[in-house]
Amino acid sequence: RLDGKFVELLQTVLCSSKCPEQIQVLCAAILREMSPCNDLILSCDEIQDTKLLSLVSSVLLAQGNKKAEVSAVGQRIVKVLERRLPEGQSAQYLLPVLSNVISLSPESLTEEQTNVVSRKMADWLRYASIQQGVAQPSGGFFSNPRTRQPGPVTEVDGAIATDFFTVLSVGQYYTQDQWLNIQAFSMLRNWLLSYGGKGLKTPNSDDKSGMDRSVMSVVSTTSTSSRLLPPKERLREKAFEYCQRLIEQSNRRPLKKDDGDLQKACLIEAVTIMDIICKQDSSYMYRAVSFLKILHGRICGDATYARALLPIAQFFLNHSKMAAVDSDAIYKHLFTDIPAQLFHNPSLAFEFVQFCKDNSQLFTETSSIFRQSFPNLFKFLAWNSPPLISEFVDLLPFLLDVGTAIEIFHLLLDLPCLTAALDIQLRSTALPTSERAASDPAVKPATCLEAFRHPLYKSMFQYLLRTKSAPEDAPERLIPLRQLLGSLASSPRVVQCAETVPVLLELFFRVVAEFADGPLINQLVVLLLQRSDQLYEIPAFKDDVYRVLSSQLVMLCKLHPALIVELSKEILEFSGTVSNIQNKEAIFTHVVWAIGEYMSVSYDKRCTVEQINRFFETLEAMLFEITQLRPLASTSSYAPRAISVLMATLTKLAARSQDLIPRVSMFLSKMRTFVQSPAVTSVYCEEDLEEILIRATELMNLLKMPSVAQFVFTPPVDVASTRFQREVNDSLPFALRIVTHLLEPAPGCMPG
């Protein structure tokens with residue numbers, strides 16, 4: 001906060017014609033820093049000096065347009081540009097301000113004002129001097145008044161320029177109109193986007209649009225007639241010529257590295273502007289298509305021009321249909337070569353994924369290459385996980401369909417493994433050629449780097465690093481490779497990648513749920529159970545994946561309850577394995593819950609008593625195994641939740657096959673002995689044992705009334721989805737509590 005009097009003095013000094021320029025710049029900087037300022041009395045209306053107008057305008061634009069400052073600045077800037085500037089004044093100080101006005105409030109300029117600026121920009125772009133500027137005399141004692149005449153500007157390769165001046169023309173010093181040329185190009189894209197598409201139609205254009213279009217096409221190609229064109233069309237013509245010249249200049253070999261970087265940046269901007277021009281006037285499209293096809297052929301083999309391939313692909317995405325050209329070769333090269341070779345370039349990775357995200361809808365409608373290339377696209381994510389996760393959240397739904405779902409599921413689970421493989425690939429590429437020879441097949445590789453070239457692992461690496469979809473290949477072949485790459489599991493890049501997988505897995509299942517049919521859901525459930533044993537060895541990663549898979553298993557069962565009957569063999573095998581309780585408790589518990597919830601004729605008429613009995617016997621054996629008291633061996637600790645869900649599921653199955661009720665009741669009655677055993681109390685906490693005992697009591701009491709138990713545990717499907725809906729982590733339905741209170745006022749006091 002500054003004193004009001006001091007702020008007033010700052011404004012006075014800023015506008016003083018006698019004040020040194022450095023002090024004016026400092027005053028403007030201070031006023032900008034304290035913006036928005038309520039005590040501001042600055043105005044640009046009467047300022048004639050272009051430097052001062054630029055400084056004052058920068059302060060006004062920093063106020064946030066509270067008093068229509070943006071519009072006032074825009075009006076004044078255009079008014080000054082419209083007239084002939086006095087000697088010593090230059091418009092080059094005003095164009096950056098005008099560019100800010102366009103960005104902040106493009107509607108602040110009228111049609112007439114935009115025509116004035118368009119006319120000026122066309123001349124600045126096309127008619128700048130091709131002679132170099134003169135060095136400003138220093139005024140020192142040794143300054144020579146007889147300066148040498150300036151020579152012509154040159155190209156980046158040192159050749160004398162024979163065509164008009166552009167931002168890629170080289171000179172030791174630049175003239176005022178050359179600076180305006182450079183500035184005009186820098187704001188050209190924004191200007192065309194803001195004003196280039198407006199006012200294209202005249203009141204009488206609708207009835208003769210075909211004739212006008214053909215006439216415009218002829219006029220646009222005739223430079224002698226260009227001054228007859230309306231300002232916006234003339235600017236488009238000059239801008240198109242300028243972009244063509246830049247693309248031609250980009251083919252020259254630069255003498256300096258910085259000029260080479262500038263060439264690439266200008267090439268990207270030129271192609272982007274050509275795209276905008278063709279959107280606004282299709283008469284330029286056919287020239288642009290042939291021009292850019294040649295350009296693509298020239299640069300596609302040079303990795304240093306990779307970023308320039310994106311605007312070229314964007315152009316053909318936008319115009320190939322109208323131009324009736326086949327662009328698949330351009331897309332194929334883009335999606336095949338660039339991610340595979342340059343996944344480690346972070347800026348390119350972001351631009352590439354952003355390009356895919358912006359055009360995902362268009363790609364899915366026009367080209368199959370996009371979806372087929374998803375293994376390549378995921379290389380960007382595997383190597384640049386934290387910065388790209390939000391982009392892939394938007395992109396993933398467009399990559400998923402019935403044909404890619406299974407393969408993407410495998411790829412998501414193997415994403416950290418892919419990161420490790422990319423690391424090995426990069427290190428292998430960096431080795432001297434003499435060290436890249438294939439390893440001896442008879443000798444087991446000692447390191448991952450040796451394995452990369454070993455015949456035993458080569459095909460596995462090739463599959464993991466594939467560039468396009470390969471649904472016919474079996475992902476099981478990667479099991480040895482996951483074990484081999486375990487040495488990289490603690491790598492920071494691998495760990496970061498692993499942290500993104502749960503987010504994408506949840507999104508994967510949400511999207512798949514929208515189109516999956518019964519067979520696809522069955523396939524996913526089988527893979528879910530299989531892949532729970534085949535994950536990259538990062539403990540935190542495995543825990544997160546188990547958590548996601550278990551919750552998504554519930555969702556899949558709700559979508560297709562018949563899968564419990566249809567996949568009974570696989571589910572029985574999984575739920576009958578004791579090690580799954582300890583290693584994959586979350587998935588095991590949800591599988592057991594799903595059995596109790598959906599193994600019912602209410603959900604599938606094919607459900608038989610024999611099937612219920614088979615599931616019952618498997619789960620009964622499991623519960624017996626984990627609650628059995630072994631005097632000569634130490635008691636293992638299992639998750640109390642798993643014990644509770646096993647008891648509940650056995651009770652549900654018994655309610656549907658009532659011959660099983662005596663067996664369940666007898667088992668539940670023995671739970672008091674289990675929870676009171678010293679061997680058990682030493683490994684379980686008191687609260688967990690109390691909860692197990694209460695649950696056993698509730699279930700026993702309910703089974704004393706089989707008809708009530710059958711209703712509670714197997715309500716009609718329409719009721720099951722409302723009041724009595726049960727989730728795996730919830731307690732039993734409220735009806736169970738009511739029955740318990742009716743039969744036994746003090747829950748937990750089991751009969752002896």
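Grab the helices (runs of 4 or more DSSP H) fully contained in the stretch 605-692, keeping just those with 3 or more residues being touching a Phe, Trp or Tyr at 6+ places or on another chain (Cβ under 8 Å), buried (at least 18 other Cβ atoms within 10 Å of the Cβ) and at pLDDT 90 or above.
Helices (runs of 4 or more DSSP H) meeting the threshold: 640-656.
Each residue in the stretch 567-600 was checked for being within 26 Å of Phe711 (Cβ to Cβ) and not hydroxyl-bearing (Ser, Thr, Tyr), and 10 of them qualify. When Gly140, Gly196, Gly133, Gly210 are checked against the criterion of being under 39 Å from the mean Cα position of the chain (by Cα) and at pLDDT below 90, Gly196 stands alone in meeting it.
If you check Asp258, Asp281 for being open to solvent by less than 10 Å² (accessible area, probe 1.4 Å), of a type in the set (D, E, K, R) and over 28 Å from Leu388 (Cβ atoms), only one passes: Asp281. Of all residues in the stretch 543-557, those that are farther than 13 Å from Leu507 by Cα have Cβ atoms under 7 Å from Cβ atoms of residues that are of a type in the set (Phe, Trp, Tyr) and in a helix (DSSP H, G or I), 6 or more apart or on another chain, in Cys557/Tyr598.
For the stretch 450-464, give me the residue count where each residue is open to solvent by 20 Å² or more (accessible area, probe 1.4 Å) and out of contact with any helix residue (DSSP H, G or I) (no Cβ under 6 Å at 6 or more places or on another chain). Result for the stretch 450-464: 7.
Of the listed requirements (1) modelled with pLDDT under 85; (2) surrounded by 13 or more Cβ atoms within 10 Å (Cβ to Cβ), Ser58 misses just one: (1). For the stretch 594-604, the tally of residues that are in a helix (DSSP H, G or I), in contact with a Ser or Thr (Cβ under 7 Å, 6 or more places away or on another chain) and of a type outside the set (A, V, I, L, M, F, W, C) stands at 1.
Checking each residue in the stretch 235-258 for being hydroxyl-bearing (Ser, Thr, Tyr) and part of a helix (DSSP H, G or I) picks out only Tyr242. So, Glu69, is that one over 19 Å from Ser16 (Cα atoms) and open to solvent by 70 Å² or more (accessible area, probe 1.4 Å) or not? The answer is no for Glu69. The combined condition, being under 28 Å from the mean Cα position of the chain (by Cα), among the β-branched types (Val, Ile, Thr) and more than 29 Å from Asn384 (Cα to Cα), is not fulfilled by Ile571. Pairing each residue of the stretch 5-29 that is over 14 Å from Thr50 (Cα atoms) with any residue that is among the acidic types (Asp, Glu), provided the two are 6+ apart or on different chains, yields C-beta distances under 9 Å for Val7/Asp39; Glu8/Asp39; Gln11/Asp39.
Looking across the stretch 512-563 at every residue that is of a type in the set (Val, Ile, Thr) and at pLDDT 95 or above, the one that is surrounded by the fewest Cβ atoms within 10 Å (Cβ to Cβ) is identified as Val526.
Looking across Leu53, Leu14, Leu42, one residue alone is within 24 Å of Arg83 (Cα to Cα) and open to solvent by less than 20 Å² (accessible area, probe 1.4 Å). It is Leu53.
The values are calculated or read from the model by the stated rules, or taken from the named source; none is laboratory data. For clarity, every value in this text was computed on a predicted model and none was experimentally measured. Every residue, glycine as well, gets a Cβ built from its backbone with ideal geometry; the counts of neighbours run over all protein chains shown. Only protein heavy atoms, including side chains, enter the accessible area calculation; ligands, DNA and RNA are left aside. Shrake-Rupley method; radii C 1.70, N 1.55, O 1.52, S 1.80 Å.
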